Amino acid sequence: MTFRRTRCPHCKGKLEQGQRIHPSCIDGYAEAEAAKAERKKAKELRAQQRVERAQDRKRREELKRIPDLVREAQAAFNRWIRKRDEKEPCISCGAPPPDLSGLHAGRDAGHYRSTGAASHLRFHEDNCHAQCVKCNQWGAGRAVEYRIGLLAKVGAVRVESLESNNIPHRWTREELIAIRALYVSKLKTLKEKQ
Ligand SMILES: [Zn+2]
Ligand SMILES: [Zn+2]
């Protein structure tokens, strides 16, 4: 089978009989082919780097200890709490949110029962609410005022259920990774709704 090329591979123009490329197109064609090869190589390199970065991430993830994962899951959970409550007043002093008053710089996600004393409730959505930074750092997060705010927000049944919940829990890697992912995704959903 003989293949007869009728079009120039570079300019796509018609070829004379017996020609495989226009003589004037030879250099341009070689350059274009080299550039194409270069682009292909660069693309392969980027793909390889992507794979390596993913492997790196996986290795770093595997090296993380439980306290690291607790910290990351807590950070994701707290970010979501601050977003969920961004239009709510401070749970303990009732100060309006920062964007409404402009007086309170930042806000914390403040736990009613502290993460130190009640680690099993560190990711409980009823147990954590937006609080001014000042209130959060005030003694035990202004527990008495917090309780009043909490009663008004979630009601007595849920407050008492928090208060009577004393079953300790040892968080596993899998749980912590899942919680982190859950609150990253919940935050994204909240932001998209706006
Ligand atoms: Zn040509
Ligand atoms: Zn406050």
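All of the numbers you see were taken from the coordinates with simple rules; none came from a lab. Values in this document were obtained by computation on a predicted structure and should not be read as measured data. Ideal geometry is used to build each Cβ from the backbone, glycine not excepted, and the neighbour counts take in all protein chains shown.
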| request: Give, in nm to one decimal, the length gained when the segment between GLU163 and GLU16 is fully stretched (0.36 nm per residue of separation minus the Cα-Cα distance). | output: 43.8 nm
| task | State the answer as a single residue: which of ILE177, ALA152, ILE167 lies farthest towards the positive end of the charge dipole of region 152-194, with beta carbon charges of +1 for Lys and Arg and -1 for Asp and Glu, about the Cα centre. | result | ILE177
| Kirkwood-based Rg over Rh for the chain (C-alpha set), two decimals? | 1.40
| request: Report, in deg cm²/dmol and to the nearest 500, the calculated mean residue ellipticity at 222 nm for the chain, where each DSSP H run with n ≥ 4 adds -39500 (n - 2.57) and the sum is divided by the residue count. | output: -18000 deg cm²/dmol
| said: Quick check for me: using +1 on Lys/Arg Cβ and -1 on Asp/Glu Cβ, what's the dipole size of region 103-169 about its Cα centre, in debye to the nearest 20? | reply: 160
| request: Counting other beta carbons within 10 Å of each Cβ, put GLU61, GLU52 in order, fewest first. | output: GLU52, GLU61
| For the chain, with the dipole built from +1 on Lys and Arg beta-carbon atoms and -1 on Asp and Glu ones, taken about the Cα centre, which of VAL133, VAL51, GLY116 lies farthest toward the positive end? | VAL51
| said: Let me spell out the model: positive unit charges on the Cβ of Lys and Arg, negative unit charges on the Cβ of Asp and Glu, origin at the Cα centre of the chain. What dipole size does that give, in debye rounded to 20? | reply: 940
| field | Over the chain, relative contact order from alpha-carbon pairs under 8 Å, at least 6 apart, % | value | 21
| query | How high is the FRET efficiency between ARG50 and THR6 when r is their beta carbon distance and R₀ equals 30 Å, given to the nearest 0.05? | reply | 0.15
| query | Within region 40-171, how many Lys pairs sit with Cα atoms under 27 Å apart, leaving out pairs fewer than 8 places apart on the same chain? | reply | 8
| field | Highest to lowest packing among 78-88, 8-18, scored as the average C-beta count within 10 Å | value | 78-88, 8-18
| Taking Cα atoms, how many degrees apart are the long axis of helix 26-63 and the longest axis of the chain, rounded to 10 and kept between 0 and 90? | 20
| query | Using alpha carbon centroids, what distance separates region 1-61 and region 123-172, in Å? | reply | 63
| note | Given a Förster distance of 25 Å, the FRET efficiency implied by the Cβ-Cβ spacing of ILE66 and ALA181, rounded to the nearest 0.05, works out to 0.95
| So what's the angle, to the nearest 10 degrees on a 0 to 90 scale, between helix 143-154 and the longest Cα principal axis of the chain? | 70
| Radius of gyration and maximum dimension Dmax of region 107-194, Cα, Å | 14.1, 37
| Given the Cα-Cα distance of ALA34 and GLU88 and 0.36 nm per residue of separation, how much length would full extension add, in nm? | 13.3 nm
| message | Taking 20 °C and 1.002 mPa s as the conditions, I'd like the Stokes-Einstein D for region 12-111 in µm²/s, using the Kirkwood hydrodynamic radius from alpha carbon pairs. | response | 106
